[in-house]
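One structure is given below, encoded as structure tokens.
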Amino acid sequence: MVDARFDSFCINNNNIMPRLGKRSKSRLKGVDHRLVHLLEEVVKYFDITVIEGLRSQERQNELVKQGKSKTKFGKHVKGHAVDIAPYPIDWNARDDFHYLGGFVLGIANRLGYKVRWGGDWNASSLYKGKRTTKDNSFDDLVHFELLD
Ligand SMILES: [Zn+2]
């Protein structure tokens with residue numbers, strides 16, 4: 001599926017196929033199979049951890065109250081979104097999250113999945129030729145969601 005040429009750039013190119021850990025896998029229960037497939041591909045090249053997948057409506061309401069989410073019926077509630085981070089997590093390494101963001105979108109494109117990233121909600125760097133994430137009004141750098 002993923003272009004074999006990626007292998008020469010891959011820091012995990014050590015004949016051991018990296019996989020999602022147990023905790024990450026359990027956090028993907030109830031998540032759309034396309035996102036699960038996407039993350040299984042991503043983790044072969046970029047070590048990640050899953051923070052959250054499927055979310056209850058109660059938790060979504062709480063996050064909106066806290067200002068951590070903008071939507072009452074977010075995609076997490078439907079299993080159409082995941083929050084992931086580079087592993088091990090370093091919350092101060094903002095560049096790493098942007099690196100991962102571009103990486104995930106690239107793999108999603110190869111797989112034919114339409115995915116939106118919380119670091120570039122309007123996908124201006126992808127589709128409109130503006131090449132920027134600086135116009136992003138609400139950064140949610142761990143968030144990836146299906147568009148259809
Ligand atoms: Zn999210």
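The values are calculated or read from the model by the stated rules, or taken from the named source; none is laboratory data. Here the structure is a predicted model, which is why all the values come from computation and not from measurement. Don't worry about glycine lacking a Cβ; one is built from the backbone with ideal geometry, like all the others, and counts go over all protein chains shown.
Would you check which residues across the stretch 83-119 are within 15 Å of the ligand (Cβ to nearest atom), under 18 Å from Lys134 (Cα atoms) and among the small types (Gly, Ala, Ser) and list them? Within the stretch 83-119, Gly101, Gly118, Gly119 meet the criteria.
Grab the helices (runs of 4 or more DSSP H) fully contained in the stretch 33-148, keeping just those with 3 or more residues being touching a residue at least 60 places away in the same chain (Cβ under 8 Å). Walk me through it before giving the result.
Working: elements: 33-42, 57-65, 75-78, 94-111, 124-127.
It comes to 33-42, 94-111.
Across the stretch 50-82, the qualifying residues are those that are surrounded by fewer than 18 Cβ atoms within 10 Å (Cβ to Cβ) and of a type in the set (Ser, Thr, Tyr), and the one among them that is farthest from the ligand (Cβ to nearest atom) is Ser56. In the condition set (1) more than 21 Å from His33 (Cβ to Cβ); (2) at pLDDT 95 or above; (3) within 11 Å of the chain's Cα centre (by Cα); (4) not hydrophobic (A, V, I, L, M, F, W, C), Asp140 is compliant with all but (2).
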